[in-house]
Each structure stands twice: as C-alpha cells, then as structure tokens.
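Just so it is clear, none of the values below were taken in a lab; they were calculated from the coordinates. No experiment lies behind these values; they were computed from the predicted model shown. We place every Cβ from the backbone using ideal geometry, glycine too, and count neighbours over all the protein chains shown.
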Amino acid sequence: MVVPTEGGLDIPGIDEIDMIVFDVDGTLMDRGGMVPGLIKLVKSVEERGVTVSLASGRTLPNLTPIHQALGLSGFIIAENGGVLWDGPKGQQIELRANGDRCRESIEWLSTKINSIDPRGIESNRWRETEWCISGPQDIGKMRELLKESEFSDLRIVGTGFAIHVTETGINKRTALEIMLPRRGVEPERVLSCGDALNDVPMFNLTGFSVAVDDHLDVVKSSATSITRNKGPKGVIEMLGRLLED
C-alpha cells in the first residue's frame, strides 16, 4: 500500500519495507538535538518489525550513544561509509579507508586557503577514514586545487554541518551495498532518509528515499518523496504516516 504525503508524493506502506536507514545531522537531529516525540516513533517502527539503521558522516563514537538511546536493532555506517559496524549481529568494526591522506590534503589546502584550519572539527580526534573542516569555505576552489595536486583522487563533500574529504568510492551507497546483504535485506525494500548531498548516493540505491529538506535541487530530485516539514520534524511526519498505515 502506498501512503501519499501532503505534497502529493508517495511513501511506502510499512509492510513494503524491511529497513529504514537514517542520516543523523539535519535528519534525526538538528543543532538543538532530537525533537520531542521522535524516539517513541522510532521505537514504534522497530516494534512493527522494521529494522532501523544509521548512516552518517559522524564518527562511530558519536553514533553509538544515539544508536543505544533509540534502542536500534540495525547497523551503523559512520564517516560517510568509511566505518562499518553491526554490533547487534556481533560484527567487528570494519575500516574501509585510511584517513591519513585526507588529513594531509587538508594540511596542504590550508597553505593555499588561509581560512582553512587544518585541525578541522573537534570530532576529528576519533576520525579514522576521512578528515573534516568547518565552513563556510569555497568548496569549488578546494576541489580545483585538489584536482591539480597529488591528492587529486580524493573527494570533497559538503553536508551543511561540515566539509568532508574522503577517498573515492567511499560513500553511503557503497557501504550499504556491503551491509545490506549481510542482513539479507534487498535494497528495494529499504527506505533511506536524509537531507544533504552525502545522502544522494544511498537515495540512488534504495527502493524508497525521503528527503527532509528541499534546499538543494540534487537532493530533492534524487528522493522519491519529500516531507512538508524540515529536519527531525520531517522525520516525525514520515514516521507518523508509516504508523498510520
């Protein structure tokens, strides 16, 4: 059964999905944290037999408390696909990249762009597969400089909360392509939910995708549905409709 949103777009019935994969910043949480009512709804979805997983640019130590607070049965994809962990299934932490070159590329870029602080954001102390700096920065200029350097194989992705430098091929989609088969879940029966450019790869893989922000055209056009409300309130809107069904 398809449940129409207020804007006329469609989200699946809860019986059509086996898993929801949530981005965190700008999706499950905003700068003020989680909004009232969200935890109860997420728990209700799990009680209906839908596994909930996380896929975020945050580090694993940042994500495990959120995973525990929500009581999730799913896995965690951290650092935009660089770190994989499925604690509920006993899977050990898996690193898909080495973040040393990413850090070195930012150190090099800081010699070209004075506004870049090579130390980056606070969570870099736990980061293992990428490196992040805060904005605002001229991402286009950063990309052009990297393109002509020894770091031309690296990618720069802005999420609205930070600017990430990652290895090519490391993203939420390629991480899901590893993690979903381990759970025996078909991508067609997964709903992904996010708000930013780093969510587009997983939108392009999963059978259903919901954007909780329509600020960027590429995010909006990649999603199969867009909530009327933004951020965590959009998640509440979406989960409420699923549970109504």
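Taking the empirical scaling 2.2 N^0.38 Å for compact globular proteins as reference, the chain has a Cα radius of gyration ratio of 0.99. Rounded to the nearest 10 degrees, the angle from helix 172-183 to the longest Cα principal axis of the chain is 50 degrees. Gain on full extension, evaluated as 0.36 nm per residue between residue 182 and residue 244 minus their Cα-Cα distance, stands at 19.3 nm.
Ranking 240, 39, 52 by Cα position along the charge dipole of the chain, where only Lys, Arg, Asp and Glu carry charges on their C-beta atoms, puts 39 farthest toward the positive end. The alpha carbon radius of gyration of region 100-167, expressed as a multiple of 2.2 N^0.38 Å, is 0.96.
For the chain, take the longest principal axis of its alpha carbons; what is the angle in degrees between that and the long axis of helix 231-244, to the nearest 10 within 0 to 90? The answer is roughly 30 degrees.
Distance between the 7 Å Cα→Cβ label points at residue 149 and residue 126: 2.7 nm. Among 150, 46, the order by Cβ neighbours within 10 angstrom, fewest to most, reads 150, 46. Per residue of the chain, the DSSP helices (runs of n ≥ 4 H) give a summed -39500 (n - 2.57) that works out to -9000 deg cm²/dmol at 222 nm.
Springs join every pair of Cα atoms under 10 Å in this Gaussian network model of the chain, and among 75, 203, 151 the largest mean-square fluctuation is at 151. Placing a label point 7 Å from the Cα of residue 189 along the Cα-to-Cβ direction, the residues of region 196-213 whose backbone N falls under 17 Å from that point are 206-209. Gyration tensor analysis over the Cα atoms of region 92-222 returns equivalent ellipsoid semi-axes of 28, 18, 12 Å (largest first, whole Å). Quick one: angle between helix 60-70 and the longest Cα principal axis of the chain, in degrees between 0 and 90, rounded to 10, please. Tilt relative to the chain: about 10 degrees. Under the classification rounded if a/c is under 1.5, otherwise prolate if a/b is larger than b/c and oblate if not, where does region 159-245 fall, given a ≥ b ≥ c as square roots of the Cα gyration tensor eigenvalues? Oblate is the answer for region 159-245, as a/c is 1.5 or above yet b/c matches or exceeds a/b.
When both region 141-215 and region 112-126 are represented by their alpha-carbon centers, they are found 21 Å apart.
Estimated from the Cβ-Cβ distance and a Förster radius of 51 angstrom, the FRET efficiency linking residue 107 and residue 44 is about 0.65.
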